[in-house]
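Contents: one structure, followed by commentary.
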Amino acid sequence: MRKGENTMKEKKQIRAPHVFVLIMIMIICATALTYILPAGTYNRYVDETTGTTLVEDGSYQQIEQTPVDPFKMLQAIPNGLVDATSIVSLVLMYGGAFGIINSTRVIECGIASSIEKMRRFSVLILPVIMILFSLMGAMLGISESCYAFIPLCIMLAKAMDYDAIVGFAIVMLANMIGFTAGPMNMYTTGIAQQIAELPLFSGIGVRIAVYILLMAITIMYVLWYGARIKKDPTRSLMYNANAAEKEETIESKYSAADFTPRKKLTMAALLLGFCGLIFGIVGLGWWEGSTIGGYLLGMSIVVAAVDGKKPNEIAQGFVDGAKGVLMGALMVGFARAIILILTEGNVIDTVLFYASQIISRTSSSVAAAVIYVFTFFFNFLVPSGSGKAAIVMPLIVPMADMAEITRQTSVLAYQLGDGPTNLFWPTAAMAPLAMGNIPYSKWFKWYLPLTIVIFVVSIIITVVCAQMGYGPF
């Protein structure tokens, strides 16, 4: 009887497909689209004022079908890795640098020495951290530079009895929400407004209100989830139900006594290094991944040397750290293959053309909502905020004029459709998730309810702005 029951349970269990299986399905679907959709292209030109490549409105023309055959589909995977070399190397460099830092165990020892205080104020600590990272996106347009803080905040979250998802969310999700509202974000708001010929950062009052609203929703969601898993750790999406024994906590492995004078000196070097990183990002404009990666590598070696690590130990720490993020780095290249296939098949401009036809024939309120929805889904194909602005805004602006909605509303609809989806679609989310060793399937399950809420709220915002004539024009 028991054997039969066990058999029934095994039959009922449905294993989620491996993330590489999901990406391969997407690659096959993208290839199929190159056979189904007509091929087409827009003329493009370089704007001498901004230096950006823009799309010429009304220049779309269908061209000879260019379907991607099965062999070229497979070639797109290694080509995707090559095309995403900068991001892949960035993830591996970050992972290796933090592997060196982790080999010192200075963070765990420091957390163990003050763990009770942190737990007592965790409800306050999480929102404060989230607001700080959101402001980096909202005011400075900083996004990828925040990857460096993901492992640190995950450790901090785990020490406060949360999980890796909470640690990831307080950095990247908060940053992306700030990036979305973008009161003074040059990379989406600034570029889109310049293309729309609006005064730079005009309409900032509405964007600040949007920032406050979206951040309030996000903070409440993170705190709600955190409270659930604190009460019952098995409700964590990262909880491994099949593990033989529960993962050791920081305080079970380390104590305040482990935070020796040598460790305190190491911690001082680490904190000084992070202060230098923040200054470099904010003050010196270190927004290139190679610059931050090189700095982190040098900083991690100095921290390990202060801790007394030998060269071989430092090297092994780097290797271990890089191994930990290797799968995520590979996912970035696989996801990039989807974009390469659609580009080679010349169907991206076709999607853009048909969307523009729909938008231009609708009422003002519907047009504003359609611009948002279009950007939401188009972000799967072109994750870059500034790159996407250069592609779609030259088409959205005349469509907004024809639909009698203000250009400012069209810019806001574009912003709202761009930001949150950078952590929703795998083509954009794989790299930061790799830094936290968080499976995309787990993150998707956690993020989907919040995405739906933000989706509905964003449509309401765009429709209201269309009705009120959000301007100056």
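The values are calculated or read from the model by the stated rules, or taken from the named source; none is laboratory data. Source: prediction; values computed, not measured. Please note: Cβ atoms are built from the backbone with ideal geometry, for glycine as well, and neighbour counts cover all protein chains shown. The area values use the complete protein model at the heavy-atom level, side chains included, leaving out ligands, DNA and RNA. Shrake-Rupley method; radii C 1.70, N 1.55, O 1.52, S 1.80 Å.
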Sparse-neighbourhood loop hits (chymotrypsin sites (Phe, Trp or Tyr not before Pro), segment 74-156; DSSP loop; Cβ within 10 Å at most 15 others) -> 121
Which of 158/264; 230/309; 158/445; 72/445 exceed 27 Å between C-alpha atoms? The answer is 230/309; 72/445
Ignoring ligands and nucleic acids, residue 73 exposes an accessible area, probe 1.4 Å, in Å² to the nearest 10, of 30
Of the accessible area of segment 99-187, computed with a 1.4 Å probe and all protein chains kept, carbon and sulfur make up a percent value of 70
Only helices counted: for the chain, with every DSSP H run of 4 or more residues adding -39500 (n - 2.57) and the sum spread over all residues, [θ] at 222 nm is -22500 deg cm²/dmol
Scan of the chain for trypsin sites (Lys or Arg not before Pro) in DSSP loops with at most 11 other beta-carbon atoms within 10 Å gives a longest site-free stretch of 16-245
Env charge @ residue 60, Cβ radius under 12 Å, K,R +1 / D,E -1, value -2
Under the Karplus relation with 6.51, -1.76 and 1.60 and θ = phi - 60°, whole-Hz ³J(HN,Hα) for segment 77-82, x at Gly and Pro, equal 5, x, 5, x, 5, 5
Expected vector for segment 300-306, Karplus 3J(HN,Hα) from phi with 6.51, -1.76, 1.60 and θ = phi - 60°, integer Hz, x for Gly and Pro, equals 5, 5, 4, 4, 5, 5, 4
The chain, Kirkwood Rh and Cα Rg, ratio Rg/Rh at 0.99
By accessible area (1.4 Å), largest first, 349, 232 order as 232, 349
The percentage of the accessible area of segment 311-410 (probe 1.4 Å, all protein chains present) made up of carbon and sulfur atoms, to the nearest whole number, is 66
Expressed in square angstrom to the nearest 10, the accessible area of residue 122 with a 1.4 Å probe stands at 0
Order by accessible surface, 1.4 Å probe, largest leading, for residues 64, 344 comes to 64, 344
Sorted by accessible surface (1.4 Å probe, heavy atoms of the protein chains only), largest first, 35, 239 come out as 35, 239
Mean accessible area per residue over the chain (1.4 angstrom probe, all protein chains present, square angstrom) is 45
Once all protein chains are kept in place, residue 365 shows an accessible area at probe 1.4 Å, nearest 10 Å², of 20
Reduced to Cα centres, the span from segment 48-111 to segment 119-145 in Å works out to 25
